[in-house]
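The values are calculated or read from the model by the stated rules, or taken from the named source; none is laboratory data. None of the values given here were measured: they were computed from a predicted structure. Cβ atoms come from the backbone with ideal geometry, glycine included; neighbour counts cover every protein chain shown. Calculation scope for accessible area: heavy atoms of the full protein, side chains included, ligands and nucleic acids excluded. Shrake-Rupley method; radii C 1.70, N 1.55, O 1.52, S 1.80 Å.
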Amino acid sequence: MKHYDFKAIEEKWQRFWDSEGCFRSALVTEKKKYYVLEMFPYPSGRIHMGHVRNYSIGDVVARYKRMQGFNVFHPMGWDAFGMPAENAAIQHKIHPAKWTYENIANMRTQLKRLGYSYDWEREIATCHPKYYRFEQKFFLDFFKTGLAYRKKAPVNWCPSCHTVLANEQVEEGLCWRCDSEVQHKELSQWFLRITDYAEELLADLETLSGGWPERVLAMQRNWIGKSTGAEVSFSVQDMDAQISVFTTRPDTLFGATFMSLAPEHPLVEKLIAGSSQEKEVRAFVERIAKMERIVRTAEDLEKEGVFTGRYCLNPMNGRQMPIYVANFVLMDYGTGAVMAVPAHDQRDFDFATKYGLPKVQVIAPKDPDMVLDEQTAYVDAGFMVNSGEYDGLDSEAAKAVIVQSLAERGLGKATINYRLRDWNISRQRYWGAPIPIIYCDHCGIVPVPEKDLPVELPLDVQVNPDGRSPLPDCKTFVEVICPSCGQPARRETDTMDTFVESSWYFARYLAARNEDHPFTPEDAAYWMPVDQYIGGIEHAILHLLYSRFFTKVLRDQGYLAHGEPFANLLTQGMVLLHGSKMSKSKGNVVDPDAMVAKYGADTVRLFCLFASPPEKDLEWNDQGIEGASRFLHRLWRLVESLKESLTAVAPCSPIAGVLSDAEAELRRKEHDVVRRVERDIENKFQFNTAIASMMELINTLYAVKDELQKSPHGPTLLSSALSSVLVILSPIAPHICEELWATMGHSQSLVHELWPVYDPEALKTNEITVVIQVNGKLRSHISVAADASSETVQDLALRDKNIVRYIEGKNIVKVIVVPGKLVNVVVK
RNA sequence: GCCUGGGUGGCGGAAUUGGUAGACGCCAGGGAUUUAAAAUCCCUUGUAUCUUAGAUACGUGCGGGUUCGAUUCCCGCCCUGGGCACCA
């Protein structure tokens, strides 16, 4: 018997697929398309088990869909810009470009060793000028339409890394790399106007329902944070000034007894100028301004404030409302001013209690017996009271009526507020795509003319040891001639956030080698959207929101026909070792290469798919992978040992003639397993149960092979069953299946094979087991003919000797017969 | 607080529309083969109790409910992973 030499077999078939170009994709419109995509990796140097799991799931989907007759598009590339390359450059004195391209080469080899069916001719790397030139083109388009703009904004600044950090790179106020305290700095930055798309990004989540996990949709909804309410204007007494507030509760306007402003509110200075409160307020504002943002926004921070000495007027009842500056009011949400309704908002309630401010109840509970708590604001809906002409109205209904009244007087309007902020894409880093902008003393901000694209990132620079970008010091890069007036000018030295590259890469694959267009409308119309996107939950908001935004913008600019990039999303769970995520710093990593060397790619793939359903976390288990390996060896020995009697019959072959019971049973099992595997893959990619079914079939084959080898139809049925196993297992463990397929005598590679079609007739049995219960408890089984009538089954059940024991001398109240399943005898 | 997942043997996990709870795999125990080991093959394996070739009771986080019958449906809780949050 030939030994299962997985190393030789895997190399052989990988070479074969490669040289035959089995996985190249072409535009074939008569076939239905299927675009399956896994989130592309950052080229860190080596793949980890999380990648293996992600890409194994994707590869099964790709191979399965090909077998189902789809024209499958399955590309791979590299998210190649980013800080780790610069860190490596500093640590190992190697240029980020060299480091990145070497890593890509290593990781490509690793991925090829796992036998993934990628179309490698579509490979992209985002750090290549031929990639980012189109990104620069998009930026210019966005700039033209006002979607990209520059503004001064507060950012997270790490003084030791000399760079801004994204919010997610700040951990409890400290820099994730060097643990320095992050400062706040006002910097002029480039922003993309994602807030223009807030409503559409939110509304279109509905269209993704079903295709995307509910929790990802919920996370995006939270992130966008829509609140519906009104903007209301309060005029300041004895002064020509208005304070505008955003409120979700215009129905409580009659209960507004004071006003709270953020310390940074632009009106504060004007309000206090020359007043007796000036000194006190200024001291308070300065004290708050010095506080770290995390301390400031901590929920347990004591609420405090200071009176400005000024009053504003309630637009509904003319009430004098003292104006406070309060530490809990945030300048970057709403208008930076809050109308305080102590009776109906807990925060305002506490604040009013502390400073002895009046509380006026304007909403009465609908339940007249409800007793209001002395210490708690009543925040629910109810009936209006103390609200003049609105008394007695339902508070929900009153919202619109009051807003209407304000609008008629020019004092307010219905409005919607979002939590979502515009996307700051400027990075003071070297290893990124240059922003194609020139600053001219005469002309101001001047976009780089399209003919001058790409603005190439200069490679003949050295990364500064302290991490500062070398670009501002790179004269050949910075010093340019203004394209508009011809005078000397300066180039923008910030680069783009790497999330910009990953916001459109899925479309670039469609025309990866096209140097004139990012992609063509024909390609996009045929292939987009991605039918199945697969990746980690950690991208639930950032990457997945940015990509959705980009797709909508590219649609509006005429590049794409679709407004959503990913029709279906699978978020796979993490790979854990000893209960926590594998990480180099914790030292709990399992190296995929070592596993492939020890067990082979097929085993590693099989284990990743079998150990748990894809969306759940997977606990790595050395014994578990032994089990996976055992199964493939068992399959190998089965085919090798039967080799002499096997023939190259098609999966689920029709059989002429009468089958013995054992023969019919094997045939039934074969067809049933094909049915179950197909169902499990179609239904939420349940590869774990699909594999379990195939294991059952192998177990059955072991049990019956000796008997069936000698029976008339036995060899044909064994061959058919094994052909089926090899075809349906091939998306998961492709190499061993190809090899055994050839061993069986099949002349054509499995990549040309279609998914077997099971015969529903083959699933039928002559005899079925019916369960008998007494009062819902299992008491016996009987075997009856499959077509036995309910009466016959009931009759047999009641005469079963196990059942007689339980029902003797008792009253039979009723008998329930579920055809083909069970009989329940109810007795008293 | 709001929004979302989840809770089933020693472990990972199964269970189409309510119909045999624990498929498949791992671990463990026993046996076969072997000079021996590895590998392989076969058997046992939810818990408890008993008069132990078998039988009975209990058992899917907890407490109720609907039903002939509930892991599955309904009501009320507990625990837990994740997201958002002084959000006005």
Quiz item: Sorting A:Cys652, A:Cys443 by accessible area (1.4 Å probe), largest first, what list results?
Solution: A:Cys443, A:Cys652
Quiz prompt | Expected 222 nm ellipticity per residue - DSSP helices of 4 or more, -39500 (n - 2.57), all of chain A, to 500 | solution = -11500 deg cm²/dmol
Quiz item: Once phi is turned into ³J(HN,Hα) by the Karplus curve 6.51 cos²θ - 1.76 cosθ + 1.60 with θ = phi - 60°, what whole-Hz value does each residue of the range A:29-43 show in order, with x for glycine and proline?
Solution: 6, 6, 8, 6, 8, 8, 9, 10, 9, 9, 4, 6, x, 7, x
Quiz item: Could you name the lysines in cross-link range of A:Lys270, using Cα to Cα under 23 Å and dropping any fewer than eight places away on the same chain?
Solution: A:Lys152, A:Lys279, A:Lys290
Quiz item: How many nm separate the modelled label positions at A:Gln91 and A:Lys144, each set 7 Å beyond the Cα in the direction of the Cβ?
Solution: 4.3
Quiz prompt | Probe 1.4 Å, accessible area per residue of the range A:219-336, Å² | solution = 46
Self-check item: the range A:32-145 shape via C-alpha gyration tensor axes, a/c threshold 1.5
Solution: oblate
Exercise. Kindly flag which residue pairs out of A:Lys65/A:Lys552; A:Lys93/A:Lys144; A:Lys226/A:Lys584; A:Lys185/A:Lys581; A:Lys65/A:Lys98 have an alpha-carbon separation exceeding 31 Å in this structure.
Key: A:Lys93/A:Lys144; A:Lys226/A:Lys584; A:Lys185/A:Lys581; A:Lys65/A:Lys98
Quiz item: Hey, if we sort A:Val757, A:Val281 by accessible area with the 1.4 Å probe, largest down, what's the order?
Solution: A:Val757, A:Val281
Quiz item: In chain A, with Lys and Arg counted as +1 and Asp and Glu as -1 at Cβ, which of these residues, A:Gly210, A:Leu750, A:Ser426, has the Cα nearest the positive end of the dipole, that is, farthest along it?
Solution: A:Leu750
Exercise. Calculate, for A:Thr792 and A:Leu754, the FRET efficiency according to 1/(1 + (r/R0)^6) with r their C-beta to C-beta distance and R0 51 Å; round to the nearest 0.05.
Key: 0.75
Quiz item: Once label points are set 7 Å from the Cα along Cα→Cβ at both A:Ser209 and A:Ala785, what is their separation, rounded to one decimal in nm?
Solution: 5.1
Quiz item: Mind listing the phi-derived Karplus ³J(HN,Hα) values for the range A:238-244, rounded to whole Hz, using 6.51, -1.76 and 1.60 with θ = phi - 60°, and x for any glycine or proline?
Solution: 6, 7, 8, 8, 10, 10, 9
Exercise. Note down the relative contact order for the range A:241-325 as a percent, whole number, built from C-alpha pairs under 8 angstrom at least six residues apart.
Key: 41
Self-check item: Average accessible surface area per residue within the range A:655-803, 1.4 Å rolling probe, Å²
Solution: 44
Self-check item: Around A:Lys399: net Lys/Arg minus Asp/Glu count, Cβ-Cβ under 11 Å
Solution: -2
Quiz item: For A:Leu569, which sequence-distant residues (separation of 5 or more, or a different chain) have an amide H within less than 5 Å of its own amide H, given hydrogens modelled in the peptide plane?
Solution: A:Trp212, A:Tyr533
Quiz item: So how much accessible area does A:Tyr599 have, in Å² to the nearest 10, using a 1.4 Å probe?
Solution: 20
Practice problem: Could I have the simple spin-label model distance between A:Gln183 and A:Arg490, label points 7 Å from Cα toward Cβ, reported in nm to one decimal? | Solution: 1.9
Quiz item: Treating the beta-carbon of each Lys and Arg as +1 and of each Asp and Glu as -1, no other charges, what is the dipole magnitude of chain A about its Cα centre, to the nearest 20 debye?
Solution: 1140
Quiz prompt | Longest exposed-site-free window of chain A, the sites being GluC sites (Glu not before Pro) in a DSSP loop that have at most 11 other C-beta atoms within 10 Å | solution = A:516-807
Practice problem: Pick out, from A:Phe284, A:Ser260, A:Leu313, the residue whose Cα sits farthest towards the positive end of the charge dipole of the range A:243-372, with +1 on the Cβ of Lys and Arg and -1 on the Cβ of Asp and Glu. | Solution: A:Leu313
Quiz item: What do you reckon, how do A:Trp78, A:Trp120 stack up by accessible area (1.4 Å probe), largest on top?
Solution: A:Trp120, A:Trp78
Practice problem: Roll a 1.4 angstrom probe over the protein heavy atoms and tell me the percent of accessible area of the range A:674-828 that is carbon or sulfur. | Solution: 49
Quiz item: Say R0 is 51 Å: what FRET efficiency, to the nearest 0.05, do A:Lys130 and A:His633 get from their beta-carbon distance?
Solution: 0.65
Quiz item: Between A:Tyr34 and residues 5 or more places away or on another chain, which pairs have amide H atoms under 5 Å apart, with H built 1.01 Å from N, and which residues are they?
Solution: A:Asn71, A:Val72, A:Phe73
Quiz item: Non-local amide H neighbours of A:Cys312 (under 5 Å, H modeled in plane, Pro and chain starts lacking H): which ones?
Solution: A:Gln237, A:Met321, A:Ile323
Quiz item: What lysines sit close enough to A:Lys2 to cross-link, taking a C-alpha to C-alpha distance under 17 Å and skipping anything fewer than 8 places away on the same chain?
Solution: A:Lys12, A:Lys643
Quiz item: So how much accessible area does A:Trp223 have, in Å² to the nearest 10, using a 1.4 Å probe?
Solution: 100
Quiz item: How much accessible area per residue does the range A:467-613 have, in Å², with a 1.4 Å probe?
Solution: 37
Self-check item: Proximal aspartates and glutamates to A:Lys828, defined as alpha-carbon separation beneath 12 angstrom and excluding residues fewer than eight positions away on the same chain
Solution: A:Glu808
Practice problem: Could you calculate the contour length gain from A:Arg46 to A:Lys359, that is, 0.36 nm times the residue separation minus the distance between their Cα atoms, to one decimal place in nm? | Solution: 106.4 nm
Quiz item: Can you give the charge dipole size of the range A:542-628 about its Cα centre, rounded to the nearest 20 debye, using +1 on the beta carbon of Lys and Arg and -1 on the beta carbon of Asp and Glu?
Solution: 340
Exercise. Leaving ligands, DNA and RNA out of it, work out the accessible area of A:Thr248 with a 1.4 Å probe and give it in Å² to the nearest 10.
Key: 60
Quiz item: Expressed as a whole percentage, what fraction of the accessible surface of the range A:294-381 belongs to carbon and sulfur atoms when a 1.4 Å probe is rolled over the protein heavy atoms?
Solution: 51
Exercise. Sum up the charges of everything whose Cβ sits under 12 Å from the Cβ of A:Ala733, counting Lys and Arg as +1 and Asp and Glu as -1, but leave A:Ala733 out.
Key: -3
Quiz prompt | Proximal charge balance of A:Asn588 [Cβ under 12 Å; K/R count +1, D/E count -1] | solution = +1
Quiz item: How large, in percent, is the carbon and sulfur part of the accessible surface of the range A:435-489 at a probe radius of 1.4 Å?
Solution: 51
Exercise. Please name whichever of A:Gly809, A:Val401, A:Ile537 sits farthest to the positive end of the charge dipole of chain A, dipole taken about the Cα centre and charges placed at Cβ: Lys and Arg +1, Asp and Glu -1.
Key: A:Gly809
